Amino acid sequence: MRAFLLATAAAIGLAGCTTVPAPAASVPPAQTAPMSDEDARIADLVTRMSLERKVAQLIQPQIGSFTADDMRRYRFGSYLNGGNRGPYGDEFAPASQWLRHADEMYLASVEPLAGGEPVIPTMWGTDAVHGHTNVVRATIFPHNIGLGAARDPDLVRRIGEATAVEIEVTGIDWNFSPTVAVARDDRWGRTYESYSEDPAIVAPLGAALVEGLQGRKGEADRLGAGHVIATAKHFFGDGGTDQGVDQGEVTGDIEALKAIHAAPYPATIDAGVEAIMASFNSINGVKMHGNKMLLTDVLRGELGFDGLVVGDWNGHGQVAGCTNTDCPQSLLAGLDIYMVPDDWKGLYETLIAQVRDGTIPVPVLDEAVSRILRVKLRAGLLDEFVQPSARPNAGEYQLLGSPEHRAIAREAVAKSQVLLKNDGVLPLAEGADILVAGSAADSIAQAAGGWTLTWQGGLELANAEHFPGATSIWQGLKDAAEARGGSATLSVDGTYSAKPDAAIVVFGEEPYAEFAGDRKHLGFSDEEGLGLLRKFAAEGVPTVAVFLSGRPMWMNRELNLADAFVASWLPGSEGAGVADVLTGAVPATGKLGFSWHERCD
Ligand code: GLC
């Protein structure tokens, strides 16, 4: 009660004439306990910052939409590279250009300010959601749906550690990962970003990735060398929309929805996650980016999250009554950072005007800025100003796709393979002469899926040019067959002169991301794999189907035809992990994290 009264009094005092106290949640909690050193330091900075600099902390534009001069002038608190943006206009820029860009923007952000106003360094956020896959040569780990099948938190923690190091190589501070969505309708185009339909599987894996990326709470290296800021996303309900429509409507009893879709967040908060990204979806008609009951009362009140809340890509613009450049509702609801890729100038000016006219109470602004500064303080950004290229691992380009990291990825591929059927053809016999068929067999791009070098990924990405150091599923099978005294032949259309001992048919979904992957039903309509399985069945050649997909799909025809069927998911750059399971070098231990469909509707 005392805290509430203090807060109310504070609200009345600050607002001057108001007689009705501002809602308790919109006024920073009164300091009943003495201020911690951390809070005292942050409060001192905030009191010395100008209104313009405080608002700039809330603005997160995308690279390519602002210049170093803009950064010097406005001092954006953070920025991001969208899925289709690379530094200096080059999506395939070498790692050195990523690091150069990081230095350029950092140095612009820390130039001295007039009047001794405190300088607050900017930070760069990126989507390294299955490795640092915006950058050529980075290790590409299996997407989350495969990691959910592996059920191995220690493996996921090691993936986080490796990913954090590869992010540091390019001078980036912040990863918008893990996705802890609990995907419940596989027609959703982001199902593969979800570990499982079961929150009890999602929670420990999400927490493990947070610890891998950030380091463990209480340990000296947390958010230090080898670690970056993590983001649990998208809070909440992203995987629970009606018909799996991306960014759609979630409906139902709020407690029942929280029990499924908010369930993984306590584990990530306990693991110390410093950022949470708000989701696009609405819950019972209210868009999350404007939902104070959920973003403040639940996330901060009930769940005790004290890090920063970052919006998703103009997600604030979807709130009733808002546009991309005018949305005080989101800040009042509990958002701290607006991810505003291009319309940043308009939003910046509107927010300043809304603080000046009282639409946004100064305490609300100060509380958001304080939360952003707290994360920067914890990440060491406010201690000493060290430009990205002078930090640990920066510029150590040999760490990208290092043998150690690729070994972790290969282990993850093997552990993620789910053997749905095996009539005895597996493990492949020593010395076997195998045929490998299907247009996907030698495509690293198809094995990697979306969020790979470009936002959507795509089959135009070529093995040699775009995935140096990677191993396709075909190459892995060839190496394994030959190492065991046998042979392997690649025949995309399945033709052969000498009848093979077995045929491996690699086929599946082509890359997609987000709403581009939304479907009306789960029937897999591409018949390349089906045709090859029919052909080999007619010729009496034993077959192994290797199905690449971002979700379970209706595959009864293929399942019935193949002698063995492996759900391979989206394994990434280390395709040899598939051969490890098909040859028996590694036992098939993967378990479905999602229900498999006996019907396609
Ligand atoms: C996208 C995604 C989000 C990602 C962000 C930045 O729209 O929803 O997961 O982190 O934009 O690329």
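The values are calculated or read from the model by the stated rules, or taken from the named source; none is laboratory data. Not measured: the values here are computed from a predicted model. Heads up, the Cβs are rebuilt from the backbone with ideal geometry, glycines too, and the neighbour counts pull from every protein chain shown. Surface areas here come from the heavy atoms of the whole protein model, side chains and all, with no ligands, DNA or RNA. Shrake-Rupley method; radii C 1.70, N 1.55, O 1.52, S 1.80 Å.
Go through Asp518, Asp479 for me and flag whichever is surrounded by fewer than 24 Cβ atoms within 10 Å (Cβ to Cβ) and within 16 Å of the ligand (Cβ to nearest atom).
Matching residue, one of Asp518, Asp479: Asp518.
Those residues that are part of a helix (DSSP H, G or I), open to solvent by less than 10 Å² (accessible area, probe 1.4 Å) and more than 12 Å from Ile145 (Cβ to Cβ), I need them from segment 175-206; list them, please.
Selection gives Gly206 alone.
From Gly431, Gly424, grab the single residue that is more than 18 Å from Phe536 (Cβ to Cβ) and either among the aromatic types (Phe, Trp, Tyr) or open to solvent by 10 Å² or more (accessible area, probe 1.4 Å) (or both).
Just one listed residue meets the conditions, Gly431.
Considering every residue within segment 291-303, establish whether at least one is in contact with a Leu (Cβ under 7 Å, 6 or more places away or on another chain) and open to solvent by 20 Å² or more (accessible area, probe 1.4 Å).
Yes: one or more hits.
Is it the case that some residue within segment 497-515 is part of a helix (DSSP H, G or I) and either touching a strand residue (DSSP E or B) at 6+ places or on another chain (Cβ under 9 Å) or surrounded by 20 or more Cβ atoms within 10 Å (Cβ to Cβ) (or both)?
Looking through segment 497-515, none of the residues is part of a helix (DSSP H, G or I) and either touching a strand residue (DSSP E or B) at 6+ places or on another chain (Cβ under 9 Å) or surrounded by 20 or more Cβ atoms within 10 Å (Cβ to Cβ) (or both).
Residue by residue through segment 325-344, note down the ones that are farther than 20 Å from Gly358 by Cα and either more than 13 Å from the ligand (Cβ to nearest atom) or of a type in the set (D, E, K, R) (or both).
Asp342, Asp343, Trp344
Which residues, taken from segment 560-591, are touching a residue at least 12 places away in the same chain (Cβ under 8 Å) and open to solvent by 30 Å² or more (accessible area, probe 1.4 Å)?
Leu561, Asp563, Gly584, Ala585, Val586, Ala588, Thr589, Lys591
Looking only at helices (runs of 4 or more DSSP H) that lie completely in segment 326-440, which have at least 3 residues being over 26 Å from Ser573 (Cβ atoms) and touching a residue at least 24 places away in the same chain (Cβ under 8 Å)?
Passing ranges, in order: 328-333, 344-356, 362-378.
Filter segment 134-149 for residues that are open to solvent by less than 20 Å² (accessible area, probe 1.4 Å) and either over 11 Å from the mean Cα position of the chain (by Cα) or free of Cβ contacts under 8 Å to residues at least 60 places away in the same chain (or both) and give the result.
Within segment 134-149, Asn134, Val135, Ala138, Thr139, Ile140, Phe141, Pro142, Ile145, Gly146, Leu147, Gly148, Ala149 meet the criteria.
Check whether at least one residue in segment 103-125 is within 16 Å of the ligand (Cβ to nearest atom) and not aromatic (Phe, Trp, Tyr), and report yes or no.
Checked against the condition, which is being within 16 Å of the ligand (Cβ to nearest atom) and not aromatic (Phe, Trp, Tyr), segment 103-125 yields at least one hit.
If I ask for residues that are part of a loop (DSSP other than H, G, I, E, B), surrounded by fewer than 20 Cβ atoms within 10 Å (Cβ to Cβ) and among the polar types (S, T, N, Q), which ones from segment 441-463 would you list?
Gln456
Of all residues in segment 157-202, how many are within 16 Å of the ligand (Cβ to nearest atom), of a type outside the set (A, V, I, L, M, F, W, C) and within 20 Å of Phe236 (Cα to Cα)?
Going through segment 157-202 one residue at a time, the tally reaches 11.
Could you check Arg406 against (1) surrounded by fewer than 21 Cβ atoms within 10 Å (Cβ to Cβ); (2) more than 30 Å from Ser109 (Cβ to Cβ) and say which number it fails?
Single failed check for Arg406: (1).
Of everything in segment 286-320 that's within 14 Å of the ligand (Cβ to nearest atom) and small (Gly, Ala, Ser), which residue is nearest to Lys376 (Cα to Cα)?
Filtering segment 286-320 for residues that are within 14 Å of the ligand (Cβ to nearest atom) and small (Gly, Ala, Ser), the one nearest to Lys376 (Cα to Cα) comes out as Gly311.
Give the number of residues within segment 267-288 that are open to solvent by less than 50 Å² (accessible area, probe 1.4 Å) and either within 17 Å of the chain's Cα centre (by Cα) or more than 12 Å from Gly237 (Cβ to Cβ) (or both).
Total meeting the criteria: 14.
For segment 368-382, check the following and say yes or no: at least one residue is modelled with pLDDT of 95 or more, over 27 Å from Asp37 (Cβ atoms) and of a type in the set (S, T, N, Q).
no
Could you give every pair whose Cβ atoms fall below 7 Å, whose first residue belongs to segment 109-127 and is β-branched (Val, Ile, Thr), and whose second residue is open to solvent by 10 Å² or more (accessible area, probe 1.4 Å) and within 16 Å of the ligand (Cβ to nearest atom), counting only separations of at least 6 or pairs across chains?
Correct list of pairs: Thr126/Asn134.
Quick check on Ser330: is it closer than 25 Å to Pro266 by Cβ, of a type in the set (Ser, Thr, Tyr) and open to solvent by 10 Å² or more (accessible area, probe 1.4 Å)?
So Ser330 does not fit the description; no.
Let me confirm something: among Gly304, Gly321, which residue is under 20 Å from Ile372 (Cβ atoms) and out of contact with any strand residue (DSSP E or B) (no Cβ under 6 Å at 6 or more places or on another chain)?
The conditions single out Gly304.
Of the residues Leu213, Leu209, which is in contact with a Ser or Thr (Cβ under 7 Å, 6 or more places away or on another chain), within 15 Å of the ligand (Cβ to nearest atom) and open to solvent by 10 Å² or more (accessible area, probe 1.4 Å)?
Leu209
Give segment 234-280 a look and list any residue that's under 22 Å from Arg519 (Cα atoms), within 15 Å of the ligand (Cβ to nearest atom) and not in a helix (DSSP H, G or I), or say none.
His234, Phe236, Gly237, Thr241, Val245, Asp246, Gln247, Gly248, Ser279, Phe280
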